[in-house]
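Visitor: Pasting a structure here, questions to come.
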């Protein structure tokens with residue numbers, strides 16, 4: 001009886017050991033979901049991370065991917081979407097979003113491969129027209145990166161920027177005004193916006209070398225204030241704001257509502273621009289947002305964005321003309337040349353009368369790009385400003401302070417924080433370029449598709465990456481008085497020691513020439529490819545796997561004498577016989593793909609090894625994580641000889 005009681009106690013104890021962490025995960029997920037639903041993504045990430053550590057599951061990974069995407073941390077979002085997209089039960093949306101974040105991280109060819117995976121799915125919820133736009137955007141981004149606009153100059157305004165968001169820079173009556181959610185010296189202010197974990201937006205002004213907070217706020221300050229637009233002619237300021245709903249507005253809504261953005265105006269002479277401000281005609285706080293105000297120089301026309309009913313998609317750009325009595329006329333949608341099913345933001349007009357805006361719905365590099373409207377009427381079209389003005393991140397809030405010069409904002413890598421303010425010049429005079437090629441050191445033949453990286457010394461996050469063309473050629477724009485390193489890499493070649501050079505002392509337009517010679521691997525030197533994925537129980541070559549195999553083809557084309565063995569490997573789950581057959585099918589498929597790319601079959605040997613050559617300790621019966629098993633599911637190749 002005593003033995004029986006001890007046994008029962010042991011079983012109960014083991015059950016409790018299992019139940020406690022499961023209860024902890026449930027509690028964490030419940031709290032995380034609450035924060036996620038309230039758009040408090042910073043706090044939600046912390047809770048989801050802890051829950052995932054207790055018990056990894058798909059839903060928690062989804063929420064982590066979405067949360068990182070919402071706060072525009074695209075590198076972390078890529079990590080989580082990669083897990084989802086390469087899971088055996090991947091949803092179409094996982095693959096689609098993975099493609100989006102790959103674009104945000106400058107991986108355009110990889111992004112297109114994911115969009116092609118979406119096209120192969122029968123359960124897709126995206127139109128062929130939209131997929132074609134995504135394909136074209138990826139192709140265009142590659143062309144823009146490899147052919148940068150020479151006349152464009154971009155400089156981060158480090159004296160203005162903080163570790164938080166800074167954007168909307170525009171010249172005002174006595175300085176440069178911009179919006180920021182910086183902490184402004186306070187370690188933990190009372191009002192924190194849960195979406196970002198930072199204070200609410202406030203207005204700041206830069207006068208010479210000093211930056212100070214504008215003493216203008218609304219109510220208790222627990223709302224966003226800015227950005228702004230000015231009319232010196234009419235002595236007016238218009239600004240975007242979020243505010244707390246009145247009791248009557250809450251009563252009319254009859255439900256919990258998202259607080260929408262509104263536009264208000266005031267006299268420049270007002271002591272506090274937020275006090276006694278006049279609401280814009282199209283404000284509707286419980287139904288839609290109006291924001292991103294831009295006044296023309298005369299103050300007669302106000303451009304703005306809104307998601308009001310009747311638009312083309314997300315947020316559209318509208319304008320209203322001031323009437324004789326000072327009121328605003330009907331809101332006019334700018335139509336198909338500007339507005340899309342995506343988001344159009346931040347309208348602006350330069351001194352020549354050209355119209356600019358940001359959008360994520362036209363052909364672009366990723367996120368919001370800046371466009372100029374060219375032509376008129378039915379012939380009008382949006383033209384992307386290209387690279388380096390635009391980036392794979394969000395580029396927006398363009399404002400001009402003189403002809404072809406002004407300020408814009410971007411959350412591109414290399415900035416001080418979230419969104420940074422940049423000065424730009426669209427008519428750069430001194431243009432320094434770099435041109436070169438990547439070649440096989442042994443054969444002197446070009447290395448197609450090599451990844452070429454140009455890095456300003458001390459500013460690694462500002463590195464620019466392009467892929468060499470079919471002829472091995474590449475080119476970059478260079479800044480004046482800057483030290484650089486140049487490197488390249490390709491599958492099948494050893495690591496290249498970075499090449500250093502400088503533009504110091506160059507005071508006229510010129511083109512520098514730098515060639516790179518990569519050293520190929522030797523006979524029997526194994527090259528592991530960990531980015532070749534196959535669908536469950538299948539050997540078909542997916543579009544993303546094809547990209548990796550193209551790198552092997554590039555290696556083989558750079559030395560026609562080389563012969564290789566290409567092998568596929570499995571993890572230890574499943575039977576030995578099953579895995580041996582599956583890996584052989586996969587190796588055969590990979591070789592067949594290379595043959596379809598023009599590689600002679602006589603240069604290739606396909607070999608499936610099942611799980612006979614594990615790369616770690618995860619042998620049959622050993623408990624391992626999914627990531628540890630993934631380490632064993634790989635494709636390898638090595639040179640078995642050459643025909644010299």
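Visitor: Over region 255-324, what is the relative contact order in percent, taking alpha-carbon pairs closer than 8 angstrom and at least six residues apart?
Guide: The normalised contact order for region 255-324 reaches 24 percent.
Visitor: At residue 284 and residue 258, where each label point lies 7 Å from the Cα along Cα→Cβ, what is the point-to-point distance in nanometres?
Guide: Once both label points are built, they end up 1.5 nm from each other.
Visitor: Sticking with the crude label model, points 7 Å out along Cα→Cβ, report the distance from residue 429 to residue 246 in nm, one decimal please.
Guide: For residue 429 paired with residue 246, the spin-label model returns 5.7 nm.
Visitor: With Kirkwood's inverse mean 1/r over C-alpha pairs for Rh, give me the Rg to Rh ratio of region 551-617, two decimals please.
Guide: 1.06
Visitor: As a check on your grasp of the helix formula, calculate [θ] at 222 nm for the chain: sum -39500 (n - 2.57) over DSSP H runs of n ≥ 4, divide by the residue count, round to the nearest 500.
Guide: Result for the chain, helices only: -8500 deg cm²/dmol.
Visitor: For an R0 of 45 angstrom, estimate the FRET efficiency from the Cβ-Cβ distance between residue 275 and residue 34 and round to the nearest 0.05.
Guide: Calculated value: 0.80.
Visitor: Test of understanding: ordering 144, 195 by Cβ neighbours within 10 Å, fewest first, what list do you get?
Guide: 195, 144
Visitor: Please state the Cα pair-distance histogram of region 317-444 with 10 angstrom bins from zero: what percent is in each bin?
Guide: P(r) over region 317-444, rounded to whole percents: 11, 34, 30, 14, 6, 2, 1, 0.
Visitor: Quickly work out the residue 501-to-residue 602 label distance, labels modelled 7 Å from Cα along the C-beta direction, and quote it in nm with one decimal.
Guide: 4.1 nm
Visitor: Would you mind listing how long the chain runs along its three principal axes, going by Cα atoms, in whole Å with the largest first?
Guide: Principal extents (largest minus smallest coordinate, Cα): 89, 84, 47 Å.
Visitor: If you don't mind, another one. Provide 452, 214 in ascending order of the number of other Cβ atoms located within 10 Å of each residue's Cβ, fewest first.
Guide: With the sparsest Cβ surroundings first, the list reads 214, 452.
Visitor: Next question, about the same structure. If you average the C-alpha positions of region 53-99 and of region 510-575 separately, how far apart do those two centres end up, in angstrom?
Guide: Taking the Cα centre of each part, region 53-99 and region 510-575 sit 26 Å apart.
Visitor: Also: Report the gain in length on full extension from residue 383 to residue 522: 0.36 nm times residue separation, minus Cα-Cα distance, nm rounded to one decimal.
Guide: This chain segment gains 45.2 nm when fully extended.
Visitor: On to the next question. At a Förster radius of 51 Å, what calculated FRET efficiency corresponds to the Cβ-Cβ distance of residue 129 and residue 580, to the nearest 0.05?
Guide: Efficiency for this residue pair is about 0.70.
Visitor: Relative contact order for the chain using alpha-carbon pairs under 8 Å, separation at least 6, rounded to a whole percent?
Guide: Here the relative contact order equals 9 percent.
Visitor: Still on this structure: Can you give the relative contact order of region 153-425 as a percent, counting alpha carbon pairs under 8 Å and 6+ residues apart?
Guide: Relative contact order, region 153-425: 17 percent.
Read the figures in this text as sums done on the coordinates, not as results from a lab. A quick note: this is a predicted structure, and the numbers were derived from the prediction, not measured. Neighbour counts run over all protein chains shown; Cβ positions are idealised from the backbone, glycine included.
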